[in-house]
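Enquirer: Have a look at this one before I ask anything.
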Ligand SMILES: [Zn+2]
């Protein structure tokens, strides 16, 4: 084995040319990855017990070099990137040193990252090594690239020098948005260091930047909250409130942590299910309704019309003539009970079918509503006019049909018709409408999302006998929230690291929190 102190003298290993090559390139570079088979082969070798021998490292290195994209400059950072933990990484650096191989920013970055992957607590020597490597990077580069900043944040936040991460975060922001891991590492360390305000500021900024808080961050908040003098129950409530305000789900892992809290903590959490009618099977209480009030609906409608006619947004692929033609139709035929996005329905089971099959799908959905005596508007495109069939005839005779020009987008017409028609009107589409929600600004986009959740239906499937299976909206709060009786209902997702579907989750917690 190689002695610890000699392994980490990065300054001596630094190859000046490589440093110059990387310095100042502060955008995030694409990650070079070997073929999957190569990765699997190397991972299997590195997953075996103990660090590889010099010969085995030799073999691993040359396996990657056999792929033509790799050369002496980039091969070593790739090997380090595949190391499963810190001790194997250190072993490779020792090998590099023995072979007299030079190092560069990418290599140091990958090595810094590996400090996260150790099961033992870091030793004082490890902390000193991280600080030395980081200091040397900063001495030799006025600006670090985003990847290196992220690697350094991962390592620095394991040490008492963690506050330097904030400077690196700013450096990443010069050109882009920091990744979730960087934010989470800093927030976690801030909470564990008792810097509550900074921790929450990181969490907020992360969510504003569409990054995802992870389990460690929330667990570190709970750990901090358990300390003497902290109002534990109130802190749990603060966390739940945050997830509500920022549309974040907690994972089952956090759910388990909440469930295993002792009674004295003031928080009692029980597993529960929620019915489609918003009832909790544990406390029999109801979830909060998301139904949009008449007043909020008017505000949403006004803002939408303003976006169309004042700011000339939304219908930006539509001619003024076409928009006028549509307004005339609306004037004559509103209100509708439901507005259907025809093409969205037609293509919902693939777009490799015949026009007759498309028309059959749309007709089946129209028939479903007509049987309930509903007044239906179908938005389609002009090319649907060529789908000559008895189904198209049925659609024309039983609903209002508006065909847009082929290059227009359908969703603006759909939303306009539904909003113009009134607060009770539903719409039928699988489209997520994210772009339009974004355009309406923060306050109104919240109303838009609730209105969408309340009124959007979509097609699940059509049975052979022509009956349609429809996904109906869940008209209750999707995120953790407090009900009227002071209980919290908290949906749980499988994994806190992946963006979950914004829909009703199957698993919930029913929580009572002691009021101070
Ligand atoms: Zn309940």
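The values are calculated or read from the model by the stated rules, or taken from the named source; none is laboratory data. This structure is a prediction, so every number in the text was calculated from the model and none was measured. In this analysis, Cβ positions are derived from the backbone assuming ideal geometry, glycine residues included, and neighbour counts consider all displayed protein chains.
Enquirer: In the range 470-482, is there at least one residue being in contact (Cβ under 8 Å) with a residue 40 or more places away in the chain and at positive phi?
Expert: No, there is no match, as no residue in the range 470-482 is in contact (Cβ under 8 Å) with a residue 40 or more places away in the chain and at positive phi.
Enquirer: I'm trying to understand the selection: among the residues of the range 48-67, which are assigned to a loop (DSSP other than H, G, I, E, B) and more than 37 Å from the chain's Cα centre (by Cα)?
Expert: Within the range 48-67, 52, 53 qualify.
Enquirer: Working only within the range 311-326, note down all residues that are more than 13 Å from residue 439 (Cα to Cα), under 36 Å from the mean Cα position of the chain (by Cα) and crowded, with 16+ Cβ neighbours inside 10 Å.
Expert: 318, 323
Enquirer: What's the number of the condition residue 92 fails, among (1) surrounded by fewer than 16 Cβ atoms within 10 Å (Cβ to Cβ); (2) part of a helix (DSSP H, G or I)?
Expert: The one condition residue 92 does not meet is (1).
Enquirer: Sticking with this structure for a sec: Name the helices (runs of 4 or more DSSP H) wholly inside the range 243-354 in which the number of residues that are away from the ligand (no atom under 16 Å from the Cβ) and assigned by the TED database to the domain that holds residue 452 is 1 or more.
Expert: 294-309, 320-333, 342-346
Enquirer: Residue 229 - would you say it is out of contact with any helix residue (DSSP H, G or I) (no Cβ under 8 Å at 6 or more places or on another chain) and within 16 Å of the ligand (Cβ to nearest atom)?
Expert: no
Each row is one residue, and each column tells you yes or no for (1) at pLDDT below 90; (2) part of a helix (DSSP H, G or I).
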| position | (1), (2) |
| --- | --- |
| 402 | no, no |
| 413 | no, yes |
| 420 | no, yes |
| 424 | no, no |
| 438 | yes, yes |
| 443 | yes, yes |
| 448 | no, yes |
| 453 | no, yes |
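Enquirer: In contact (Cβ under 8 Å) with a residue 24 or more places away in the chain and more than 30 Å from the chain's Cα centre (by Cα): does that describe residue 345?
Expert: The answer is no for residue 345.
Enquirer: Check the range 434-441 and report whether any residue there is loosely packed, with under 12 Cβ neighbours inside 10 Å, within 16 Å of the ligand (Cβ to nearest atom) and not assigned by the TED database to the domain that holds residue 217.
Expert: No, the conditions are met nowhere in the range 434-441.
Enquirer: Within the range 465-516, can you find the residues that are farther than 30 Å from residue 363 by Cβ, more than 24 Å from the chain's Cα centre (by Cα) and more than 13 Å from the ligand (Cβ to nearest atom)?
Expert: 514, 515, 516
Enquirer: Then there is this: Which condition from (1) in contact with a strand residue (DSSP E or B) (Cβ under 7 Å, 6 or more places away or on another chain); (2) under 16 Å from residue 427 (Cα atoms); (3) touching a residue at least 60 places away in the same chain (Cβ under 8 Å) is the one that residue 401 breaks?
Expert: That leaves (3) as the condition not met.
Enquirer: Does the range 481-497 contain at least one residue that is in contact with a helix residue (DSSP H, G or I) (Cβ under 7 Å, 6 or more places away or on another chain), part of a loop (DSSP other than H, G, I, E, B) and within 25 Å of residue 337 (Cα to Cα)?
Expert: No, because not a single residue in the range 481-497 is in contact with a helix residue (DSSP H, G or I) (Cβ under 7 Å, 6 or more places away or on another chain), part of a loop (DSSP other than H, G, I, E, B) and within 25 Å of residue 337 (Cα to Cα).
Enquirer: Among the residues of the range 194-209, is there at least one that is farther than 25 Å from residue 487 by Cβ, at pLDDT below 95 and away from the ligand (no atom under 16 Å from the Cβ)? Reasoning before the result, please.
Expert: Initial filter on the range 194-209 (farther than 25 Å from residue 487 by Cβ): 194-199, 201-202, 204-206, 208-209.
Narrowing the set further to residues that are at pLDDT below 95 leaves 208-209.
If we keep only those that are away from the ligand (no atom under 16 Å from the Cβ) too, we end up with 208-209.
So far as the range 194-209 goes, yes, one or more of its residues are farther than 25 Å from residue 487 by Cβ, at pLDDT below 95 and away from the ligand (no atom under 16 Å from the Cβ).
Enquirer: Which of the residues spanning the range 498-514 are part of a loop (DSSP other than H, G, I, E, B) and out of contact with any helix residue (DSSP H, G or I) (no Cβ under 8 Å at 6 or more places or on another chain)?
Expert: Hits for the range 498-514 are 498, 499, 500, 501, 502, 503, 504, 505, 506.
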